[in-house]
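Trainee: Could you have a look at this structure, given as structure tokens, before my questions?
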Amino acid sequence: MTFGVPRPDKIDYYAQVAEAGRDYKRQVLAALDLRPGLTVLDVGCGPGTDLPAMAEAVGPSGAVLGVDTEPAMVEEAGRRVSGTPQISVRLGDAHALPLAESSVDRARADRMVQHVADPAAVFGELHRVLRPGGLACVAEPDWDSLVVDPGELPTNRAFNRFVCSTMVRNATIGRSLPRLALGAGFEVLDVSVAAPVFRDFEAADKILGLSRNTERAVRAGQLDRAVGDQWLAVLAAGPFLASSMVFIGVFAKPAA
């Protein structure tokens, strides 16, 4: 719990994110340029939602490795991919990946750098484990970009400030991806932005945490309860729209 408000079930939440973000996830998969025989790493693989698509792209002669820091996620991912022999899942920290230097051809990190203690160290690890000429694709949100309609703009901004200052460790990391990549020794090949649009309040509420984080902001003394309740009521009444940016960076480790 945070401020006495339960967090959503992680496995269920990741499934909802995968559905809402299917378009940008296809963009990430295409950017990785996966081909038969390659070895691909998914850092922060969660319950393994995206591992089968990678395995299909690299084929039986390739290999897919999922790494996650949470035992429950590793267990669930392992269960889901147990019938696909080219996929393996292991417990590991993104700051110290359990892989040898120059051991993978591709690496992906999707919405996980926002949670880590040291983003620069994670980029350093991605660079270390990639072979020369390998590619990394990193996708991260910028929570400060969240916009909703209808609703009072000052309340939208207050909500964003609370989420960015309190709820997400690296809430605006998306805009920093090119700088972090350059600092780790990567070449920046491309940076683009995806902006999923929600028009259903209930669906957006599950993914963006509008209700639960408004309640947390109220309990933290960062938002007046009457203002927060009114904001949510207006959003729920609709017509509703919400969107926020996800930055997608494609980076190359220079060839030796």
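Trainee: Taking the beta-carbon count within 10 Å as an exposure proxy, list 13, 24 from fewest neighbours to most.
Mentor: Ordered from fewest to most neighbouring Cβ atoms within 10 Å, 13, 24 come out as 13, 24.
Trainee: Between beta-carbons, use under 14 Å as the cut-off and find the net charge around residue 104, counting Lys and Arg +1, Asp and Glu -1.
Mentor: Taking every Cβ under 14 Å from that of residue 104, the sum is +2.
Trainee: So, one more: At residue 117 and residue 15, where each label point lies 7 Å from the Cα along Cα→Cβ, what is the point-to-point distance in nanometres?
Mentor: Distance between label points: 3.3 nm.
Trainee: Tally Lys/Arg at +1 and Asp/Glu at -1 over every other residue whose Cβ is under 14 Å from the Cβ of residue 238; what's the total?
Mentor: Once positives and negatives cancel, what remains is -3.
Trainee: Follow-up question, since we're still on this one. Relative contact order for segment 192-256: what percent, with Cα pairs under 8 Å and sequence separation of 6 or more?
Mentor: Contact order relative to length: 57 percent.
Trainee: A further question follows. Can you give the FRET efficiency for residue 152 and residue 96, using 1/(1 + (r/R0)^6), R0 = 35 Å, r = Cβ-Cβ distance, to the nearest 0.05? Each step should come with its number before you reach the end.
Mentor: On the way: r = 45 Å, r/R0 = 1.28.
So the FRET efficiency works out to roughly 0.20.
Trainee: If you rank 11, 248 by fewest surrounding Cβ atoms within 10 Å, what's the result?
Mentor: 11, 248
Trainee: Moving to a separate point now. Using the Cα centre of the chain as the reference point, and only Cβ charges (+1 on K/R, -1 on D/E), how large is the resulting charge dipole? Debye, rounded to the nearest 20.
Mentor: On the way: 26 positive and 31 negative charges, 49 e Å.
The dipole of the chain has a size of about 240 debye.
Trainee: Kindly put 2, 155 in sequence by how many other C-beta atoms sit within 10 Å of each C-beta, fewest to most.
Mentor: 2, 155
Trainee: For every other residue with a beta carbon closer than 10 angstrom to the beta carbon of residue 3, add +1 if it is Lys or Arg and -1 if Asp or Glu, then tell me the sum.
Mentor: +2
Trainee: Now for a separate question. Which residue fluctuates the most in the chain, going by a Gaussian network model with Cα springs under 10 Å, if the choices are 109, 171, 15?
Mentor: Answer for the Gaussian network model of the chain: 15.
Trainee: Another question, if that's okay. Positive end of the charge dipole of the chain (Lys, Arg +1 and Asp, Glu -1 on Cβ, about the Cα centre): tell me which of 203, 193, 174 has its Cα farthest that way.
Mentor: 174
Trainee: Roughly what % of DSSP beta bridges within segment 10-252 run antiparallel, to the nearest 5?
Mentor: Working: 21 of 41 bridges.
Bridges in segment 10-252 that DSSP calls antiparallel: roughly 50 percent.
Trainee: Below 8 Å, C-alpha to C-alpha, sequence gap of six or more: please give me the relative contact order for segment 100-232 in percent.
Mentor: This gives 25 percent for segment 100-232.
Trainee: Let me ask something else. With the contact rule set at Cα under 8 Å and sequence spacing of 6 or more, what percent relative contact order holds for the chain?
Mentor: Dividing the mean separation by the residue count of the chain yields 21 percent.
Trainee: Using a 7 Å offset from the Cα along the Cα-to-Cβ direction at both residue 229 and residue 30, what is the distance between the two label points in nm, to one decimal?
Mentor: 4.7 nm
Trainee: Summing -39500 (n - 2.57) over the DSSP H runs of n ≥ 4 in the chain and dividing by its residue number, what mean residue ellipticity at 222 nm do you reach, to the nearest 500 deg cm²/dmol?
Mentor: Counting only the DSSP helices, I get -11500 deg cm²/dmol.
Trainee: Another question, then. If you fit an axis through the alpha-carbon atoms of helix 225-237 and take the longest principal axis of the Cα set of the chain, what angle between them do you get, 0 to 90°, nearest 10?
Mentor: That works out to roughly 70 degrees.
Trainee: For a test of the definition: using alpha carbon positions, the gyration tensor, and the 1.5 limit on a/c, classify segment 79-170 as rounded, prolate or oblate.
Mentor: Cα axes put segment 79-170 in the prolate bin.
Trainee: How large is the charge dipole for segment 108-197, taken about the Cα centre, if only the Cβ atoms of Lys, Arg (+1) and Asp, Glu (-1) carry charge, to the nearest 20 debye? Mind dumping the intermediate values first?
Mentor: Working: 9 positive and 10 negative charges, 46 e Å.
It works out to roughly 220 debye.
Where a number appears in this text, it was derived from the coordinates with a stated rule and is not lab data. None of these values were measured; they are calculated from a predicted model. No Cβ is skipped: glycine too gets one built from the backbone with ideal geometry, and neighbour counts run over all protein chains shown.
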